[in-house]
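Below is a structure I'd like to ask you about.
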Amino acid sequence: MTAKFQIQNLIEQSQTRTVHRVRGSDGTVLRLTRILLDEDDREQLKRSRKLREALDDLKALRHPCLAEVLDCGLDEKGIPWVMSRWEKGKLVSEVKIEEKEIQTVSKHANRLLNDFGPMAGVVKFDTAEIFFSGEKRESCVFQIDYFRWFSDIAAGIGPGANYDCKEQVRQLLASLAIKQLKLPKKKEETNPIPFVDERSPALQIHEPVQEPWFGRLLGWLLLIGALAVIGWLTVEGMGRVRENPRMEDWKTGERP
């Protein structure tokens, strides 16, 4: 690995890579990426006759729109690593997108397509990987897809050869246009009944009918009235018993 450095913190950990922010011996902030190939690909990579050439090509890959690679290699376990400069600025995915930002990304992405041709397939045309440089966002820096680079070498093909970079740029610009227009994202389907929209009349029958406040008030008044009548009849009956004491001696089945 390159000259002495100190790992500061882990920036990203995924199934394909880990990214650390590190500080070099001279105080320079650097980016260390470890590419997590599976065991078979690592063995193929170590046996590849093109490995040394691929490492040299990666270190020599220079372009104003690309993050600069300082060093790269394989560790003792055969895991590829890449040391690159720490890019300053805002990620495209983190900023508000207007026409100016779309034009900047389009300009530099197409420059990469023209300058690298089919090899531009190794560039990661992803908003989460592109940095705007400068306050005015008049330029941007793209990252190399190191996982793609080393997995292609392990497979015995040229880096990026199996990727349609023009289509990736088209999808990138389309996603930025959608973000600019602020189109609502499609709501995830949570309805257990397939193909039934939430606003469908078929679902409304399951909703409880909400009575108006007047109906509820009328119901309470009727209940109070019924209780009052029952109370009045009870009091009236007791009064009649007091007026005719013989009624207390009545027995079941007897007549007066």
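If you check Y163 against the conditions, is it surrounded by 14 or more Cβ atoms within 10 Å (Cβ to Cβ) and without any contact (Cβ under 8 Å) to a residue 60 or more places away in the chain?
Spelling it out, Y163 is indeed surrounded by 14 or more Cβ atoms within 10 Å (Cβ to Cβ) and without any contact (Cβ under 8 Å) to a residue 60 or more places away in the chain.
With the requirement that a residue be under 15 Å from A120 (Cα atoms) and surrounded by fewer than 16 Cβ atoms within 10 Å (Cβ to Cβ), what does segment 130-157 give you?
I157
If you scan segment 157-167, which residues turn out to be of a type outside the set (D, E) and not in a loop (DSSP other than H, G, I, E, B)?
Answer for segment 157-167, where residues must be of a type outside the set (D, E) and not in a loop (DSSP other than H, G, I, E, B): C165, K166.
Pick from I79, I102: which is in contact with a helix residue (DSSP H, G or I) (Cβ under 6 Å, 6 or more places away or on another chain) and not basic (K, R)?
I102
Moving on. If I filter segment 6-39 down to residues being closer than 15 Å to L74 by Cβ and exposed (fewer than 12 other Cβ atoms within 10 Å of the Cβ), which single residue comes out as farthest from the chain's Cα centre (by Cα)?
E39
May I pose another question? I'd like the full set of residues that are touching a residue at least 24 places away in the same chain (Cβ under 8 Å) and assigned to a loop (DSSP other than H, G, I, E, B), limited to segment 72-97.
D75, K77, G78, I79, W86, E87, K88, G89, V95, I97
Which residues, counting only those in segment 23-71, are free of Cβ contacts under 8 Å to residues at least 24 places away in the same chain and part of a strand (DSSP E or B)?
Once the filter is applied, which keeps residues that are free of Cβ contacts under 8 Å to residues at least 24 places away in the same chain and part of a strand (DSSP E or B), segment 23-71 yields R23, G24.
Can you tell me which residue within segment 124-156, out of those that are outside any helix (DSSP H, G or I) and within 27 Å of E43 (Cβ to Cβ), is farthest from the chain's Cα centre (by Cα)?
G156
Given the conditions (1) assigned to a helix (DSSP H, G or I); (2) over 27 Å from the mean Cα position of the chain (by Cα); (3) touching a residue at least 60 places away in the same chain (Cβ under 8 Å), and given that E101 satisfies all but one, which numbered condition is not satisfied?
(2)
Taken together, the values in this text are just the output of simple stated rules run on the coordinates, not laboratory data. No experiment lies behind these values; they were computed from the predicted model shown. All Cβ positions, glycine included, derive from the backbone under ideal geometry; neighbour counts span all protein chains shown.
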